[in-house]
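Participant: The structure under discussion is supplied below as structure tokens; questions concerning it will follow.
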Amino acid sequence: MLIFIKNMEYLIYLLSIILIIVGLIGDILPGIPGVPLSYLALILLHFTDKISYTPQMLIITGVLCVVITVLDYVVPIWGTKKFGGTKAGVRGSTIGLIIGVLVLPLLGIVIGPFGIIGLLGGPFLGAYIGEKIAGVDDHKAWRSAVGSFIGFVAGTFMKVAYSLVLGFIAIKDIVMSFF
């Protein structure tokens, strides 16, 4: 019975590490809830024998998880609007991100700078094209694209920073559990 419990603990450690890695990937790629997955890794570790977190830590990191997840949707919209964009620019930015991340790799354009260009340039070009389709002049369309790009980068930075901190805590605690 003791061997089963020990193996179960190792399985939780492995699952937590996988959640952290997938969480970091999800912080960059759309459609994968990176921040909640990173938080879930901490929750799983809390239920092991050798690792436990205070209720305050779990509450604070949980609240941060919710706040960052909400801000991730608000910041790009705010950036686009702050720079004079419209709903068309916001929609275009979202479509551009999806195309840049999902379609370019499917076309085999992943090697070299094209993967990064798709990830960073997709929201920028999408906002610009969305504004142009809505009939906005070039100057406002470019400003909207810049705002969308800044919002996207800010949101991604928040998510990655959160997941890296939780990942560091999780990995440190897993390693320390062996000593």
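The values are calculated or read from the model by the stated rules, or taken from the named source; none is laboratory data. Here the structure is a predicted model, which means the values were calculated and not measured. Cβ coordinates were reconstructed from backbone atoms using ideal geometry, including for glycine residues, and neighbour counts include every protein chain displayed. Heavy atoms of the whole protein, side chains included, go into the accessibility calculation; ligands, DNA and RNA do not. Shrake-Rupley method; radii C 1.70, N 1.55, O 1.52, S 1.80 Å.
Participant: Can you give the helix-only mean residue ellipticity at 222 nm for the chain, where every DSSP H stretch with n ≥ 4 adds -39500 (n - 2.57) and the sum goes over all residues, rounded to the nearest 500 deg cm²/dmol?
Facilitator: Theoretical 222 nm ellipticity from helices: -27500 deg cm²/dmol.
Participant: With a 1.4 Å probe and all protein chains left in place, how much accessible area per residue does the chain have, in Å²?
Facilitator: 58
Participant: Under a Cβ-only charge scheme (Lys and Arg +1, Asp and Glu -1), can you give me the dipole magnitude of the chain about the Cα centre, in debye to the nearest 20?
Facilitator: Here the size comes out at about 320 debye.
Participant: Can you spot the aspartates and glutamates whose alpha carbon is less than 15 Å from LYS50's alpha carbon? Ignore those fewer than 8 places along the same chain.
Facilitator: GLU9, ASP173
Participant: Counting only other residues whose beta carbon sits under 12 Å from that of ILE28, what net charge do I get with K and R as +1, D and E as -1?
Facilitator: Combined, the nearby Lys, Arg, Asp and Glu give -1.
Participant: Taking a label point 7 Å from the Cα of LEU14 along the Cα→Cβ vector, which residues of segment 150-179 have an amide N closer than 20 Å to it?
Facilitator: Residues 170-179 qualify, since their backbone N sits under 20 Å from the label point.
Participant: If you roll a 1.4 angstrom probe over the protein chains with everything in place, what fraction of the accessible area of the chain belongs to carbon and sulfur, to the nearest %?
Facilitator: Its accessible area is 81 percent carbon and sulfur atoms.
Participant: Which one of PRO33, GLY23, PHE124 is farthest out on the positive end of the charge dipole of the chain, using unit charges on Cβ (Lys, Arg +1; Asp, Glu -1) and the Cα centre as origin?
Facilitator: PHE124
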